[in-house]
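The values are calculated or read from the model by the stated rules, or taken from the named source; none is laboratory data. Note that the coordinates shown come from a computational prediction; the quantities given were computed from them, not determined experimentally. Cβ sites come from the backbone with ideal geometry, for glycine too, and all protein chains shown count toward neighbours. Side chains included, ligands, DNA and RNA excluded: accessible areas come from the protein's heavy atoms. Shrake-Rupley method; radii C 1.70, N 1.55, O 1.52, S 1.80 Å.
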Amino acid sequence: MNTLTAPSKPWPLRQPVVFLVLAAVVWLAIYKALDPASEALVAALPVDRDSHLGGALQFFLYDAPKVLMLLTGVVFVMGMVNSYFTPERTRALLAGRTEGVANVMAASLGIVTPFCSCSAVPLFIGFVQAGVPLGVTFSFLIAAPMVNEVALTLLFGMFGWKVAALYLGLGLTVAIVSGWIIGRLKMERYLEDWVRDMPKVSAAVEEGGLTLSDRIEAGFKSVRDIVGKVWPYILAGIGIGAVIHGYVPEDFMASIMGKQAWWAVPLAVLVGVPMYTNAAGVIPIVQALLAKGAALGTVLAFMMSVIALSLPEMIILRKVLKLRLIATFAGIVAAGILLVGFVFNAVL
């Protein structure tokens with residue numbers, strides 16, 4: 001007589017603690033070997049390491065695996081963390097809060113929640129139905145794509161903790177202040193009628209009892225969903241960065257994105273808005289621009305505009321917002337980004 005047995009779980013789910021320790025050790029060992037490995041690969045090719053092509057190849061062969069490894073590791077860990085921050089739990093944390101403190105809380109939650117601009121409409125609807133104030137909702141929607149764990153980790157890996165902390169503080173400030181201003185303007189009448197007329201729902205959420213194995217499984221799912229979608233953007237961004245690194249003269253980049261060019265920051269924002277990419281795709285470009293003499297404030301303004309003010313996100317939000325509210329949102333956020341660029345070009 002045959003008996004049916006449930007399929008055994010994969011080894012990482014059966015021994016979660018052992019898997020996490022071994023995975024961390026292996027990841028760190030490979031990460032430390034990337035630089036000498038890239039140099040060895042370029043040395044094995046029939047190109048001069050000091051030539052334009054040699055510099056571009058070394059940049060690509062080092063940064064491509066580095067960024068993908070950083071992204072995979074961070075997305076996996078944050079996938080485990082994000083199992084605590086479902087959309088329902090996020091709404092419950094923000095519902096019923098007063099403005100000010102709620103804007104700070106919303107922007108802070110944006111750092112650790114796995115939502116991007118493509119999630120803008122369903123998230124916006126859910127927040128409105130749960131009674132979250134409009135300005136608080138915008139603080140969250142600005143921070144979630146712009147100041148997320150991917151951006152911060154890649155900035156830390158490429159530029160160190162000072163630049164990562166600077167970006168964190170700037171991004172949170174823009175999100176908090178922009179949301180607070182939108183809340184003060186009382187622009188609820190510029191929501192689309194069908195959004196305003198939706199019945200309110202409870203923001204309560206039931207507690208879930210996930211095990212460590214369940215959270216590891218959530219981490220694997222995040223890697224499949226996020227890394228599986230963004231890796232072409234990453235390679236494209238690194239490819240552009242490699243060309244800039246290898247072929248663009250430093251004097252040229254400094255002349256159009258340096259501190260002396262007063263119009264560099266507005267131009268960077270205007271160029272960044274039509275672009276459609278995320279932090280993982282734009283950061284390699286940022287790295288190459290800085291290495292070629294671009295000013296930090298100008299580059300940060302470019303990066304923020306690409307991530308927080310992308311044209312596709314504006315088109316998506318048009319489903320739930322009237323044009324005046326979209327224009328107000330874009331104008332306030334753009335003003336904050338411009339201020340960030342000008343201040344840091346003047347100070348640093």
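Points to keep in mind about this one:
- Failed item in (1) modelled with pLDDT of 70 or more; (2) within 16 Å of the chain's Cα centre (by Cα), with Met158 passing the rest: (1)
- The requirement of being open to solvent by 60 Å² or more (accessible area, probe 1.4 Å), at pLDDT 75 or above, of a type in the set (Phe, Trp, Tyr) and not in a helix (DSSP H, G or I) is fulfilled somewhere in the range 259-282, by at least one residue.
- Residues that are closer than 14 Å to Leu300 by Cα and open to solvent by less than 30 Å² (accessible area, probe 1.4 Å) within the range 164-193 comprise Ala164, Tyr167, Leu170, Gly171, Val174, listed in sequence order.
- Filtering Gly126, Gly110, Gly79 for residues that are buried (at least 18 other Cβ atoms within 10 Å of the Cβ), under 24 Å from Ile315 (Cβ atoms) and either at pLDDT 80 or above or under 18 Å from the mean Cα position of the chain (by Cα) (or both) leaves a single hit, Gly110.
- Count of the range 39-72 residues, restricted to those that are in contact with a Phe, Trp or Tyr (Cβ under 6 Å, 6 or more places away or on another chain) and either open to solvent by less than 40 Å² (accessible area, probe 1.4 Å) or in a loop (DSSP other than H, G, I, E, B) (or both), is 1.
- Taking the criterion of being at pLDDT below 75 and surrounded by fewer than 16 Cβ atoms within 10 Å (Cβ to Cβ), the residues of the range 246-257 that qualify are Pro249, Glu250, Asp251, Phe252, Ser255, Ile256.
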